[in-house]
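First up is the structure itself, then whatever we jot down about it.
The values are calculated or read from the model by the stated rules, or taken from the named source; none is laboratory data. Computed from a predicted model, the values in this text were never measured in an experiment. With ideal geometry, Cβ positions are generated from the backbone for all residues, glycine too; neighbour counts draw on all protein chains shown.
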Amino acid sequence: MTTAPIRFTLNGAPCAPAADPATRLLDVLREDLGLVATRLGCGLGQCGSCHVLVDGRALPACDTPLWAVAGKAVVTVEGHGALPEGRALREAFAAEQALQCGWCTSGVLAGAAALLQQLPHPTEAQVRAGLDAHLCRCGAHPRIVRAVLRAARALAADRGVAP
């Protein structure tokens, strides 16, 4: 017996991969769909490296089964360019040199985009709390926090709002 493919939106386009519904979303993204920027870290959903946006929330793709995203909108770092938050974060991360090895970056960007969607004018403490689930072994956290705050200011300026 075969099951119908799981249908969802991926980076703004309809998607229905021919994968077992119990397969990890991370494996479907990387192996079936060729979107390799989302990376496996701990494999337990605890380090944040594999986070993607699912209906605007940052979730670990390593412990999210494919069936859990049925009918939802999934955005990987490859699709962040379509989001105002994603564009602002990319520019801010480059300006603040908030990248080291890059292993955690796609997950951090997903977490930061979700944070800025929910909280457009975060304080430094709110950014730190919002990104607490993301581990960076390179020690780039201070630059990451500065980059998220810079992106928030840029987004506010683009919207004509004082931060």
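Hey, can you tell me all the residues within segment 22-40 that are crowded, with 16+ Cβ neighbours inside 10 Å and more than 16 Å from Val77 (Cα to Cα)? Result: Thr23, Arg24.
So which residues in segment 121-144 are more than 17 Å from Cys47 (Cα to Cα) and either free of Cβ contacts under 8 Å to residues at least 40 places away in the same chain or crowded, with 17+ Cβ neighbours inside 10 Å (or both), if there are any at all? Full working, then the answer.
Going through segment 121-144, the residues more than 17 Å from Cys47 (Cα to Cα) turn out to be 121-126, 142-143.
Result: Pro122, Thr123, Glu124, Ala125, Gln126, Pro142, Arg143.
Please specify each residue of segment 2-21 satisfying the condition of being of a type in the set (Gly, Ala, Ser) and either surrounded by 13 or more Cβ atoms within 10 Å (Cβ to Cβ) or touching a residue at least 24 places away in the same chain (Cβ under 8 Å) (or both). Passing the criteria: Gly12, Ala19. Among the residues of segment 43-71, those that are surrounded by fewer than 21 Cβ atoms within 10 Å (Cβ to Cβ) and either hydroxyl-bearing (Ser, Thr, Tyr) or in contact (Cβ under 8 Å) with a residue 24 or more places away in the chain (or both) comprise Gln46, Gly56, Arg57, Asp63, Thr64, Pro65, Trp67, Ala68, Ala70, Gly71. Does any residue of segment 36-46 turn out to be touching an Asp or Glu at 6+ places or on another chain (Cβ under 9 Å) and farther than 26 Å from Cys136 by Cα? Within segment 36-46, not a single residue is touching an Asp or Glu at 6+ places or on another chain (Cβ under 9 Å) and farther than 26 Å from Cys136 by Cα.
Would you call Val145 in a helix (DSSP H, G or I), more than 23 Å from Gly34 (Cβ to Cβ) and of a type in the set (Val, Ile, Thr)? Criteria met by Val145.
Answer with yes or no whether Ala92 is in the same structural domain as Ala129 (by TED's automatic domain parsing) and surrounded by 19 or more Cβ atoms within 10 Å (Cβ to Cβ).
Working: in the same structural domain as Ala129 (by TED's automatic domain parsing): yes; surrounded by 19 or more Cβ atoms within 10 Å (Cβ to Cβ): yes.
Criteria met by Ala92.
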